[in-house]
1. Of these, THR81, THR167, which one is in a strand (DSSP E or B) and of a type in the set (S, T, N, Q)?
2. Taking only pairs six or more apart or across chains, which ones have beta-carbon atoms under 6 Å, a first residue in the range 173-186 that is modelled with pLDDT of 95 or more, and a second residue that is loosely packed, with under 13 Cβ neighbours inside 10 Å?
3. Every residue in the range 58-87 that is over 16 Å from PRO117 (Cβ atoms), open to solvent by less than 70 Å² (accessible area, probe 1.4 Å) and in contact with a Phe, Trp or Tyr (Cβ under 9 Å, 6 or more places away or on another chain), please.
4. Read through the list (1) open to solvent by 30 Å² or more (accessible area, probe 1.4 Å); (2) touching a residue at least 24 places away in the same chain (Cβ under 8 Å); (3) over 21 Å from PRO48 (Cβ atoms), then give the number of the only condition that HIS193 fails.
5. Looking only at the range 88-121, filter to residues that are buried (at least 17 other Cβ atoms within 10 Å of the Cβ) and either over 26 Å from ASN186 (Cα atoms) or at pLDDT below 95 (or both); which one of those is farthest from the chain's Cα centre (by Cα)?
6. Counting only residues that are open to solvent by 30 Å² or more (accessible area, probe 1.4 Å) and of a type in the set (Val, Ile, Thr), how many does the range 138-151 have?
7. Out of the residues in the range 152-163 that are more than 12 Å from the chain's Cα centre (by Cα) and open to solvent by less than 70 Å² (accessible area, probe 1.4 Å), state the one that is nearest to PRO132 (Cα to Cα).
8. Considering only the range 122-137, state which residues are under 9 Å from the mean Cα position of the chain (by Cα) and surrounded by 14 or more Cβ atoms within 10 Å (Cβ to Cβ).
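The values are calculated or read from the model by the stated rules, or taken from the named source; none is laboratory data. Quick caveat, the model's predicted, so the values are computed rather than measured. No Cβ is skipped: glycine too gets one built from the backbone with ideal geometry, and neighbour counts run over all protein chains shown. Surface areas here come from the heavy atoms of the whole protein model, side chains and all, with no ligands, DNA or RNA. Shrake-Rupley method; radii C 1.70, N 1.55, O 1.52, S 1.80 Å.
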Amino acid sequence: MTSIRARTLAAAVLLTSGLAIFLCAAAAPPRLQPTLASASQVALTLDPAQSKVRYTVDTTLHTVHGTFNLKSGSIHFDPGTGQAGGEIVVFATSGESGNDSRDKRMHQEILETAKYPEVVFHPTQVEGNVAPSGPSDVKLHGIFSIHGADHELTALVHAELAGAHWTATGKFEVPYVTWGIKDPSNFFLKVKHVVNVELEMSGATKPTEVTP
């Protein structure tokens, strides 16, 4: 009798253990499969002849309007992740506002363009979705290099893609005094410490395969 009870108890233990193992296995979450990176990027090249940098800065007397010329530019980004790269280069020496004496001081004393002849923006991330065709509004994050220093910057961009061509406008602010650039104000004239910049862009677009 004792032997029969022992065998019955052992069978019950085995049955209970097997059931517990089965339930644990059934409840375990499935393993996540690794996410594959996007297979392609979008590459945009800028046409310097069809692109322009315009700026405005307020003073106690009036608003100053000026322009800079684009040297070169290219942007590439992954539509899936938003990760971006490339660079937009502007001739700092091309800046003009329609006033020779003011522009001379800007180049010699403020921007020191003989020492720092270029302004460069390196995009790092696109925030928002870029439609493969038609208009899109996104934020473009990156590093803005001016007057020998790098600064984080975010531009509001309105872009329109149409086949192999694209156009866009980018707007951002440059707090130049905070960034260590000389304040051009004097006793008679006060200049706002922030410059409003608008970049007009135009160029070609094409999909680019990513090398594994």
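1. Numbers: THR81 fails: in a strand (DSSP E or B).
That would be THR167, the only listed residue that is in a strand (DSSP E or B) and of a type in the set (S, T, N, Q).
2. Short answer, once both residue conditions are applied: VAL177/ASP183.
3. VAL64, GLY66, THR67, GLY73, ALA84, GLY85, GLY86
4. The number of the failed condition is (2).
5. Only one residue fits best here, namely PHE91.
6. Total meeting the criteria: 1.
7. If we filter the range 152-163 for residues that are more than 12 Å from the chain's Cα centre (by Cα), which is where we start, we get 158-163.
Next, only the ones that are open to solvent by less than 70 Å² (accessible area, probe 1.4 Å) stay: 158-159, 161-163.
Details: HIS158: 14, ALA159: 11, LEU161: 7, ALA162: 8, GLY163: 8 Å.
Checking each candidate, the answer is LEU161.
8. Here is the first cut: in the range 122-137, the residues under 9 Å from the mean Cα position of the chain (by Cα) are 122-127.
Scanning the range 122-137 gives HIS122, PRO123, THR124, GLN125, VAL126.
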